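Have a look at the structure below, then the notes.
The values are calculated or read from the model by the stated rules, or taken from the named source; none is laboratory data. Just so we're clear, the structure is a prediction, and the values are computed from it rather than from any experiment. Cβ atoms come from the backbone with ideal geometry, glycine included; neighbour counts cover every protein chain shown. Areas reflect the complete protein model, heavy atoms only, side chains present, ligands, DNA and RNA absent. Shrake-Rupley method; radii C 1.70, N 1.55, O 1.52, S 1.80 Å.
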Amino acid sequence: METVFRAAERDEYPLVLDFYCRLIDEMQGIPYSPSWKIGIYPTEEYLQQSVQNGQVYLALDGETVMGAFILNNVFGEGYAKADWHVPAEANEYSVVHALGIRPRFTKRGLGRMLLRNALLIARNQGKKAVRLDVLKGNQPAERLYTSVGFHLVQTVRLFYGDTGWGDFNLYEFDLSTIPQEAFL
């Protein structure tokens, strides 16, 4: 079956919640798995709000969600203090959150496909950059981000409910480096 990429519909909160519950369950004990916990991160309220705001994007195989992410301009305190390469106000960049791929669908290029779509969406929204953070030392995620063209900006201490305080690497993609024709 062909992979379909699309935004989650407003009535698909149960589908999105099911995806993240399955992802979290299936990732337990896998090296470099996120320490996400439903109710802590991502919270059900955050997922529901993100679906309602049209900020959840899905990669599907038929009716099965293989991967997903949230794209908005919500960011942690550490973002405001970072030395970003692209000068941009908060409404001029997007942030990727909760990017995940169920383990049985890895090694298919879905991570790159999801990130490229995030870049396309942000560029079409007139954004200057796309930013994200990853727990320092998560080598598979960091390899993915750099393979798509994200650049490491710096390491900062951030607090998340699932990890507590930790060192996170901030990454940024300068959308002006992509020719406009690449988005037509």
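Within the range 116-125, being free of Cβ contacts under 8 Å to residues at least 60 places away in the same chain and closer than 13 Å to I70 by Cβ holds for one residue alone: A122.
Buried (at least 17 other Cβ atoms within 10 Å of the Cβ) and within 14 Å of the chain's Cα centre (by Cα) - does that describe any residue in the range 79-89? No: zero hits.
Annotation note: Cβ proximity below 8 Å between a residue of the range 23-40 that is free of Cβ contacts under 8 Å to residues at least 24 places away in the same chain and within 12 Å of R102 (Cα to Cα) and a residue that is open to solvent by less than 100 Å² (accessible area, probe 1.4 Å) and among the aliphatic types (A, V, I, L, M) (sequence gap 6+ or interchain) occurs for I24/I38; S33/M27. Among the residues in the range 73-89, are any within 25 Å of E45 (Cα to Cα), in contact (Cβ under 8 Å) with a residue 24 or more places away in the chain and acidic (D, E)? Yes: the range 73-89 contains one or more residues that are within 25 Å of E45 (Cα to Cα), in contact (Cβ under 8 Å) with a residue 24 or more places away in the chain and acidic (D, E).
Select from the range 94-129 the residues that are closer than 27 Å to I38 by Cβ and open to solvent by 60 Å² or more (accessible area, probe 1.4 Å) and list them in ascending order. Of everything in the range 94-129, those that are closer than 27 Å to I38 by Cβ and open to solvent by 60 Å² or more (accessible area, probe 1.4 Å) turn out to be R104, T106, K107, R108, R112. Working carefully through the options V153, V95, V134, find the one that is on the phi < 0 side of the Ramachandran plot and touching a helix residue (DSSP H, G or I) at 6+ places or on another chain (Cβ under 7 Å). None of the others qualify; the one that does is V134.
Would you check which residues across the range 130-155 are part of a strand (DSSP E or B), open to solvent by less than 20 Å² (accessible area, probe 1.4 Å) and more than 17 Å from Q55 (Cβ to Cβ) and list them? Spell out how you get there, then give the answer.
The initial filter retains those residues of the range 130-155 that are part of a strand (DSSP E or B), namely 130-135, 151-155.
When the remaining residues are screened for being open to solvent by less than 20 Å² (accessible area, probe 1.4 Å), the result is 130-132, 134.
Scanning the range 130-155 gives a single hit, V134.
Name the residues in the range 16-29 that are closer than 12 Å to Q48 by Cβ and either buried (at least 17 other Cβ atoms within 10 Å of the Cβ) or of a type in the set (S, T, Y) (or both), would you? Break it down stepwise before answering.
Taking the range 16-29 first, the residues closer than 12 Å to Q48 by Cβ are 16-17, 20.
If the condition is that a residue be closer than 12 Å to Q48 by Cβ and either buried (at least 17 other Cβ atoms within 10 Å of the Cβ) or of a type in the set (S, T, Y) (or both), then V16, Y20 are the ones that fit.
Filter the range 129-143 for residues that are of a type in the set (D, E, K, R) and closer than 15 Å to N72 by Cβ; which is modelled with the lowest pLDDT? Quick ask: steps written out before the conclusion?
Narrowing the range 129-143 to residues of a type in the set (D, E, K, R): 131, 133, 136, 142-143.
Subsequent filtering for residues that are closer than 15 Å to N72 by Cβ retains 131, 133.
Values: R131: 98, D133: 95.
Filtering the range 129-143 for residues that are of a type in the set (D, E, K, R) and closer than 15 Å to N72 by Cβ, the one modelled with the lowest pLDDT comes out as D133.
Of all residues in the range 51-72, those being hydroxyl-bearing (S, T, Y) and touching a residue at least 24 places away in the same chain (Cβ under 8 Å) number 1.
Kindly check whether there is at least one residue in the range 158-171 that is in a strand (DSSP E or B), under 28 Å from T3 (Cα atoms) and open to solvent by less than 30 Å² (accessible area, probe 1.4 Å).
yes
Kindly indicate whether E9 is at pLDDT 95 or above and open to solvent by 40 Å² or more (accessible area, probe 1.4 Å). The answer is yes for E9.
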